[in-house]
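Q: Here it is, the structure in full.
Read-outs throughout are calculated quantities, based only on the coordinates presented, and are distinct from any laboratory measurement. In this text the structure is predicted, and so the values were computed from the model without any measurement. Cβ placement follows ideal geometry from the backbone for every residue including glycine, while neighbour counts extend to all protein chains displayed.
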Amino acid sequence: MRTPSRSLILMATTMLSVSFGGRALADDTEAKIAALAKQMRAQEIQLDHMRRELSERAQQMRALQANLIRLHKALFLDASPGPTKFALTHLGLCEEDARLPITACDAAHHAEILAAMDEAGVTA
């Protein structure tokens with residue numbers, strides 16, 4: 001939203017002054033309009049700052065998401081939660097033994113899971 005120009009403020013003030021027949025009213029109205037215009041401008045500046053901050057945060061979130069995509073894909077290389085259990089075992093958070101219905105992660109996927117963990121910064 002744009003801040004009203006000084007000429008628009010004066011025009012509105014003049015119309016009010018003529019309508020109500022008093023310069024004091026016009027002066028008061030002009031002061032109120034000027035105060036409102038100043039307040040609107042301050043809010044516009046604050047809104048612009050918030051938009052920039054939100055844009056920066058969105059970029060950071062996209063970068064984090066891009067960093068984790070490979071890991072998310074690697075953790076679902078098998079149909080079972082076996083890859084997740086393998087990753088947690090690698091971090092020292094659990095044992096690798098599994099009982100049905102969970103099956104151990106196929107050893108062919110270990111290197112890819114470890115590489116994805118390393119790329120995402122997930123290390124023990």
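Q: Along the charge dipole of the stretch 75-124, Cβ charges K/R +1 and D/E -1, which of Ile102, Ala116, Leu75 sits furthest on the positive end?
A: The one lying farthest along the dipole's positive direction is Ile102.
Q: Once the Cα gyration tensor of the stretch 42-124 is found, what semi-axes does its equivalent ellipsoid get, as square roots of 5 times the eigenvalues, in whole Å, sorted largest first? Display every interim value, and only then the final one.
A: Numbers: eigenvalues 306, 26, 24 Å².
Over the Cα atoms of the stretch 42-124, the ellipsoid semi-axes are 39, 12, 11 Å.
Q: Efficiency by 1/(1 + (r/R0)^6): what FRET value for Ala115 and Ala66, r their Cβ-Cβ distance, R0 = 22 Å, to the nearest 0.05?
A: Approximately 0.90, to the nearest 0.05.
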